[in-house]
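Take a look at the structure below.
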Amino acid sequence: MIPVLRLAAKRIGTSLLVLFGVSVLIFCIARVIPGDPARVALGPNATAEQVANLRAQLRLDEPLVAQYGHFLADLARGDLGRSLYTNRPVTTDIAEFLPATLELILVAGIMMIAFGLPLGILAARFRGRWPDHLIRVLSLLGVSAPSFVWAVGLMLVFSYYLGWFPIAGRIASQFEIGRVTGFLLIDTLLAGNGAAFRSAAAHLVLPAFALALSGIGQAARLTRANMIETYETPYIEMARAYGFPERRVANRYAFRPSLIPSLTIIGLDLAALLGNAFLVEAVFGWPGLSRYGVQVILRKDLNAIVGTVLIISAMFILVNIIVDVLTVLLNPRIRHAQRGATP
C-alpha cells in the first residue's frame, strides 16, 4: 500500500499547483471578456453612479493583481464571493446545484461500466460474428452522436410518445423531500418515501443514459480491442489447453488485463462529463451545476464563473487521482515499478 499512498500524495501535490494555475487563468480570462459585469448586473437603466458603486464593491476599479490577491484571501476563508445572478453567496449556489450534477454523472458512470464493459467482452468473445458486428455499430453510433442529440431523441421516444419516463426535472412536484445530502436518491431513501424514490429514479434514467452513451461506446470498443489482444497471449492459450470453459477464460483470465485501459477511459469520460453535462441538463431541465455555469457565463458573473470552474477542475483532478490509484491497484507491474523507483 505504500507505493499507492506515495502516488496519491504526489498526485495531490501536483493537483494543488494545477488548481492554482487554473485559478490564475480563469480569473484573468473572466476579466478580459468584453462587457462590464456591473452594467450587465444592473441593467441598461442604471445610472453611471450606480454602476461605479457596484464596480467599487466588486473591486473592479483596482489593478488585476490586487483583485487576485483579494480573491486568494477570500478563498482561504472559504468565501468565493457573491453571485450577481442569484444574489447569493457562490458557495451556497454550488452547494445547491453540485449534488444534482454529481448524482447525474455518478449514475451515468455506473451505466458506462454496467453496459460498456459487458458489451466489449461479448464483442471480443464473438469476434467476427453478428453480435460483434452489432455491438461495433451501436458503439460507433454512441460515440459519434453528441449527447444532446441522444437526449432529444430519448425524450421524444420514451417520454413524449411512449410516456414511460418523465420529461423534465428531478422529481414530481407533489413530493417534498427534506434536503440532507442533496442526492435525491439518497434523501428519498432516508425519508423512507418509496414513491418519491421511484419518481427520482425515473427522472434520472433518461438524462443519465443520454450522458453515458458516448462513454458506453468508447468503453465497449476499447474493451473489445484489448481483450482481442489479450486472447493472443500464451497464458490464454494455456488456459484453453487446460479445458477451461470459454466463459471462464473471458471473464476471469482475459478481462482483468483488459480492464485497465477501459477504466482509464471511463474515468476520463466521467470527469469530462462535469463540464459537458450542461446540454443534457438544459434539455431535461436538470437543475445542476453545469447549467448554472452556463447561465453565469452569459451574465458575466465573475465570482460565480471562477467558483464554478474551480469546482469542476477540482472534481476532474479528483477523478483522475482515483483512476491512477485504481490502476496501480489493478496492475502489479506498476506497483513494482513504483516500489523500485523508491530511493
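Residues to consider are V51, V18, V40, V24; find the one that is over 21 Å from G307 (Cα atoms), assigned to a helix (DSSP H, G or I) and in contact (Cβ under 8 Å) with a residue 12 or more places away in the chain. First the steps, then the outcome.
Numbers: V18 fails: over 21 Å from G307 (Cα atoms); V40 fails: over 21 Å from G307 (Cα atoms); V24 fails: over 21 Å from G307 (Cα atoms).
Only one candidate qualifies: V51.
Could you tell me whether F126 is aromatic (F, W, Y) and crowded, with 19+ Cβ neighbours inside 10 Å? First the steps, then the outcome.
Details: aromatic (F, W, Y): yes; crowded, with 19+ Cβ neighbours inside 10 Å: no.
So F126 does not fit the description; no.
Please specify each residue of region 186-205 satisfying the condition of being surrounded by fewer than 19 Cβ atoms within 10 Å (Cβ to Cβ) and touching a helix residue (DSSP H, G or I) at 6+ places or on another chain (Cβ under 7 Å).
Going through region 186-205, the residues surrounded by fewer than 19 Cβ atoms within 10 Å (Cβ to Cβ) turn out to be 186, 189-195, 198, 201-202, 205.
Selection gives L189, A201.
Quick one: which residue in L60, L42, L19 is of a type in the set (A, V, I, L, M, F, W, C) and modelled with pLDDT under 75?
Details: L60 fails: modelled with pLDDT under 75; L19 fails: modelled with pLDDT under 75.
Just a single option satisfies the conditions, and that option is L42.
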*Can you name the condition, by its number, that R82 falls short on among (1) in contact with a Gly (Cβ under 7 Å, 6 or more places away or on another chain); (2) more than 30 Å from T230 (Cα to Cα)?*
(1)
*Within region 171-185, track down each residue that is surrounded by 15 or more Cβ atoms within 10 Å (Cβ to Cβ) and under 19 Å from the mean Cα position of the chain (by Cα).*
G182, F183, L184, L185
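Given the options A314, A277, A304, name the one that is within 13 Å of the chain's Cα centre (by Cα), in contact (Cβ under 8 Å) with a residue 60 or more places away in the chain and not assigned by TED's automatic domain parsing to the domain that holds E232. Break it down stepwise before answering.
Details: A277 fails: not assigned by TED's automatic domain parsing to the domain that holds E232; A304 fails: within 13 Å of the chain's Cα centre (by Cα).
Being within 13 Å of the chain's Cα centre (by Cα), in contact (Cβ under 8 Å) with a residue 60 or more places away in the chain and not assigned by TED's automatic domain parsing to the domain that holds E232 holds for just one of A314, A277, A304, which is A314.
Which is within 15 Å of the chain's Cα centre (by Cα), in the same structural domain as S258 (by TED's automatic domain parsing) and either touching a residue at least 40 places away in the same chain (Cβ under 8 Å) or closer than 28 Å to F197 by Cα (or both), of G116, G109? Write out each step before concluding.
Values: G116 fails: within 15 Å of the chain's Cα centre (by Cα).
Unique residue meeting the criteria: G109.
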*The one condition in (1) modelled with pLDDT under 85; (2) under 12 Å from V306 (Cβ atoms); (3) surrounded by 16 or more Cβ atoms within 10 Å (Cβ to Cβ); (4) not small (G, A, S) that L84 fails to fulfil*: (2)
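The values are calculated or read from the model by the stated rules, or taken from the named source; none is laboratory data. Model, not experiment: these values are computed from the prediction. Quick reminder, even Gly has a Cβ in these numbers, built from the backbone with ideal geometry, and neighbours come from all protein chains shown.
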